[in-house]
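Down below is the structure, laid out as structure tokens.
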Amino acid sequence: MITLGLEEKNTFLEAINKKSGANVLNCYQCGKCASTCPVSDYMDFRPREIMQMIKLGMKEETYMSNSMWFCLTCAACSGRCPREIDIPAVMEAIRHLVIEENYRSTSKKVKDIRKFHEIFLEMIKRYGRNYELRMMAEFNIRTRNFFKDMNLAPKALLKGKIPLGHESTKSAKAIRKMFELAGKLEKRK
Amino acid sequence: MARVGVFVCFCGANIADFVDVPKVIEETKKIREVKYAIEYKYMCSDPGQQMIRDAIVQQKLTSVVVAACSPRMHEKTFRKALSDAGMNPYLLEVANIREHSSWVHQKDKKAATDKAADLIRMAVAKSIANEQLHEISVPVTKRALVIGGGIAGIQAALDIADARIPVTLIEKSPSIGGRMAQLDETFPTLDCSQCILTPKMVDVASHPYIELIPYSEVIELTGYVGNYKAKIRKKASYVNFSNCTGCGACWLKCPVKVPNEYNMNIDKRKAIYTPFPQAVPNKPVIDAEHCTMLLKGKCGICAKVCEKGAIDFKMQDEVIEREIGAVVIATGYDLWDPKPYEEYGVGRFKDIITSLEFERMVSANGPSGGLPLRPSDGKVPKNVVFIKCIGSRDESKGIEYCSKICCMYTAKHVVLLHHKVHDSHAYVFYMDIRAAGKGYEEFVKKAQVDTAATYLRGRVSKIYKKGDKLMVRGEDAQIGQVVEVEADLVVLATAITAPKDNPALARLLGVSYDKYGFMSEAHPKLRPVETAKAGIFLAGCTQAPKDIPDTVAQASACAAKVCGLFAGDTMKKDPMISKVNTEFCSGCLNCIQVCPYQAIVEEEIPMGHGSKEMRTVSKINEGVCQGCGSCVAICRSMAISLAGFTDPQIINEIVAI
């Protein structure tokens, strides 16, 4: 059971709205997002429910859910939302706030997804673009699942889907600089 | 020798799919009197009607049978086709082979076909005995009576009067204005209710064609459409309006305090009072139930302070009569008493109020000067819970219908609360949000987004007290969890009910009402402003819950109907009415008892030709009779016949099957 009316203000809603640039209050709970979302069946709260939870100020439940981590940011939901809410931006805002406020899920799946994001960003930072082979190796090692998808590796290698070395890019330097600047901006906050 | 023409309609596929029309035609042609029989896809269309017109002339028909849909649908259409061809329109018979055959026997085509043939045979037999009938003309008294001075009555009266038709507007309370005068702002535009209503009230008072009789009620209505006679009781106001200037000295000095109905009993008024400052007429009346002078013969202060000597304690109720041609009923609505919601603690917890009480509180001329206050401690509330569908859509509490306006006024209250108390938060428990109207959905969305109100989908299960707060418990179906709201104030959106006097008034006027006490319209879709009684019309919530725009539209529609009725000096009426054969009438007068329209009166006629002795017979008033046939059925001496349904016609029909 949830008790409402104890807080002076719904600060959670305000934070989400500010961070995402969307207005969750526009949601009228039609559920088109939930039925559009390709992964909503895997979420413990579907996008519509997340919207209502934000409206009710249910911060803990929202942060500890897996919904925003499962979100693929495919934007099918916002493309079809009759109230034009940028739902992927809301999901992104939740992910940011979870990291900023240092919430940690106990779910293995969520932990793995978070690791995946971290490794991906490391790859970009280091090489300027994704280095698939290393990314896969790192992910398997860090998630202690060494042989995950290994059976696919020979075929993919033969077909040239996974280059052995990392591809160089001219703008690697610029990208590294972007990371540095972003880091500085983050600190300034 | 009769020459009957039979025209069988396919009604698209409605009839043809289940009734074998060619076979029916074949059967029909076997009847001796049928000289012409033909089928067509849509008999009611122009080519279909032309077939009838041509056949009447070419085949020299003496009567016509159309086998099609219900006569309620197209009898008038086909009658007109007959008269266009120079034939008396009442020589038409309609065999209803759609509602009575094809639609109800869809599973058995043979039975449907046989029944259609039977129905046609009956209609043919009846039509042979049809007589030429002619429309009846009745004179019209061009004055309308409008009952109720709310926005519906005001609008109807103004529109009728603008057509230069005199109107008598009666209102049971001391001032016109009704419920709308109690509202602060109106959805969806939030314009001030008083500002848009009071000019209309003043127009009513000053209109040369409107006679305004406040503080009065109808006590009798006799007569028939175009020629009604109404008795109106003017309740004693104990104030001589022609002397009174409305200065207000009397109510300032009056020592008796009475709960103020205008403010939903939140504050007190005096025993001599005007309901609200903008009242029309702006003259006080004395509340006889509370005035100590009238009850005990002591006091009389108002009379002493009145410089004009307008107070008259000896004034009596007065009965006046008006001859009128039409009536508009606009008695408005009452609000449902939420007492049965015991699980909410209604009556036990002071901080549970109704929406109209909230409306009065936030109203600029309200008891708290525009601020909502907790009745328990007079504090301004922070968390306000609004609960919709109180009584409405709750069969266990007695009302099945939706009150239609609660979704909208609750959204308005959410906005008003936000305007008046900036740091407040509204929680709304709703079942659905029904915002069907121009600008309504947009208004609800704006209310929700701008005020950040929390809308929770579910009915509240219970309310309990925790300290000085009320804990409101319900489920939010959107997240599938039970929620509790800590509330300072709870506002119940109570259902609209019919005025409790409606059934009595309906019986007095001779119109019908539904199980809730709302006046019944003649047809739910196609005749929504007329009652089943000719010349009596409905405007506003007296018929069903509705909002202001709908009420005004219906009131104007009533005015159009009244103007239409009064367009000529006489009115045309169907000739299918009863007639008494005085030779057979025994004077038992049973027919008077059964007539639902009071159309039958006693008459004294000579015993025989030239005789001086008199005997009693019954007489039917042509203008009032609606042709229901009750008198025909009760008449022991078979003295009454109903034109269009005479004994030979009915017997012919029976013999035919």
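Every number here is computed from the coordinates shown, using simple stated rules; none is lab data. From a predicted model like this one, the values you see are computed outputs, not experimental measurements. Note: ideal-geometry Cβ built from the backbone for every residue, glycine included; neighbour counts use all protein chains shown.
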Using a basic spin-label model with each label point 7 Å from the Cα along Cα→Cβ, how many nm lie between B:ALA163 and B:GLU131?
3.5
With 10 angstrom as the radius, rank A:ILE141, B:ILE160 by how many other C-beta atoms surround their C-beta, starting from the fewest.
A:ILE141, B:ILE160
³J(HN,Hα), Karplus 6.51/-1.76/1.60, whole Hz, each residue of region B:178-184, x for Gly, Pro:
x, 5, 4, 5, 8, 7, 8
Of all trypsin sites (Lys or Arg not before Pro) in region A:1-104, the ones in DSSP coil with at most 13 other Cβ atoms within 10 Å are A:LYS9, A:ARG104
Given backbone amide H placed at 1.01 Å from N, residues whose amide H is under 5 Å from that of B:THR168, ignoring those fewer than 5 places away on the same chain, are B:ALA144, B:LEU145, B:VAL146, B:GLU211
Helix axis angle, B:151-162 relative to chain B longest principal axis, alpha carbon, degrees
60
Go through region B:355-413 and name the GluC sites (Glu not before Pro) that are in a DSSP coil and have 12 or fewer other Cβ atoms within 10 Å of their Cβ.
B:GLU400
Of the listed pairs A:LYS19/A:LYS187; B:LYS30/B:LYS115; B:LYS234/B:LYS283; B:LYS515/B:LYS561; A:LYS19/A:LYS111, which have alpha-carbon separations greater than 19 Å here?
B:LYS515/B:LYS561; A:LYS19/A:LYS111
For a quick check: with amide H placed at 1.01 Å from N, whose amide H comes under 5 Å from B:THR354's, ignoring anything fewer than 5 positions away on the same chain?
B:LEU492
What average number of partner chain Cβ atoms lie no more than 10 Å from the Cβ of the residues making up B:446-457?
4
Over 27 Å between Cα atoms: which of A:LYS59/B:LYS466; A:LYS9/A:LYS108; B:LYS41/B:LYS76; B:LYS257/B:LYS466; B:LYS35/B:LYS107; A:LYS32/A:LYS115 fall into that group?
A:LYS9/A:LYS108; B:LYS257/B:LYS466; B:LYS35/B:LYS107; A:LYS32/A:LYS115
Can you give the mean number of other chain Cβ atoms that lie within 10 Å of the Cβ atoms in peptide A:25-34?
3
For the modelled label position 7 Å from the Cα of A:ARG144 along Cα-to-Cβ, which residues of region A:95-112 have backbone nitrogen atoms closer than 12 Å?
A:108
Cβ-derived FRET efficiency at R0 51 Å, B:ILE38 paired with B:ARG636, nearest 0.05:
0.70
Extending each Cα 7 Å along its Cβ direction at B:GLU441 and B:ASP569, get the distance between those two points in nm, one decimal.
5.4
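Given the -39500 (n - 2.57) contribution per DSSP H run of 4+ residues, what per-residue ellipticity at 222 nm results for chain B, rounded to the nearest 500 deg cm²/dmol?
Details: 17 runs with 178 residues, N = 657.
One gets -8000 deg cm²/dmol as the mean residue ellipticity at 222 nm.
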What trypsin sites (Lys or Arg not before Pro) does region B:609-646 have in DSSP loop regions with at most 15 other beta carbons within 10 Å?
B:LYS612, B:ARG636
Just grab the label-to-label distance for A:LEU157 and A:LYS115, each label 7 Å out from Cα along the Cβ direction, in nm (one decimal).
2.2
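Cβ under 13 Å from A:LYS32's Cβ, A:LYS32 left aside: what net charge do those residues give with Lys, Arg +1 and Asp, Glu -1? Please list the in-between numbers first.
On the way: positive: A:ARG46, A:ARG48, A:ARG80, A:ARG83; negative: A:GLU84.
Neighbour charge sum, excluding A:LYS32 itself: +3.
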Interchain or sequence-distant (5+) residues whose placed amide H lies within less than 5 Å of the amide H of B:GLY623 are none
Calc'd 3J(HN,Hα), region B:92-105, phi into Karplus 6.51 cos²θ - 1.76 cosθ + 1.60 (θ = phi - 60°), Hz, glycine/Pro = x, comes to 8, 10, 10, 9, 7, 9, 9, 4, 8, 9, 5, 6, 8, 10
What is the calculated FRET efficiency for B:ALA504 to B:LYS339, with r their C-beta to C-beta distance and R₀ = 22 Å, to the nearest 0.05?
0.45
Please label the shape of region B:261-360 as rounded, prolate or oblate, based on the square roots a ≥ b ≥ c of the eigenvalues of the alpha-carbon gyration tensor (a/c under 1.5 means rounded; beyond that, a/b larger than b/c means prolate, else oblate).
oblate
Take each of the peptides B:51-62, A:150-161, average the number of other beta-carbon atoms within 10 Å over its residues, and list them starting from the highest.
B:51-62, A:150-161
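Which FRET efficiency value, to the nearest 0.05, is calculated for B:CYS588 and B:ALA13 with the Förster distance at 51 angstrom and r the Cβ-Cβ distance? Provide the component values of the computation, followed by the final result.
On the way: r = 52 Å, r/R0 = 1.02.
So, using R0 = 51 Å, E works out to roughly 0.45.
Taking Cα pairs under 8 Å and at least six residues apart, what relative contact order does chain B come out at, in percent? Spell out each step's value before the answer.
Values: 1431 pairs, mean separation 85.2, N = 657.
Worked out over chain B, it gives 13 percent.
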Roughly how many Å is it from the Cα centre of region B:1-46 to that of region B:585-657, as a whole number?
36
Length released on extending from A:SER35 to A:ARG176, taking residue separation times 0.36 nm less the Cα-Cα span
46.8 nm
Relative to chain B, whose Cα atoms define the longest principal axis, helix B:647-656 and its Cα axis are tilted in degrees, nearest 10, by 70
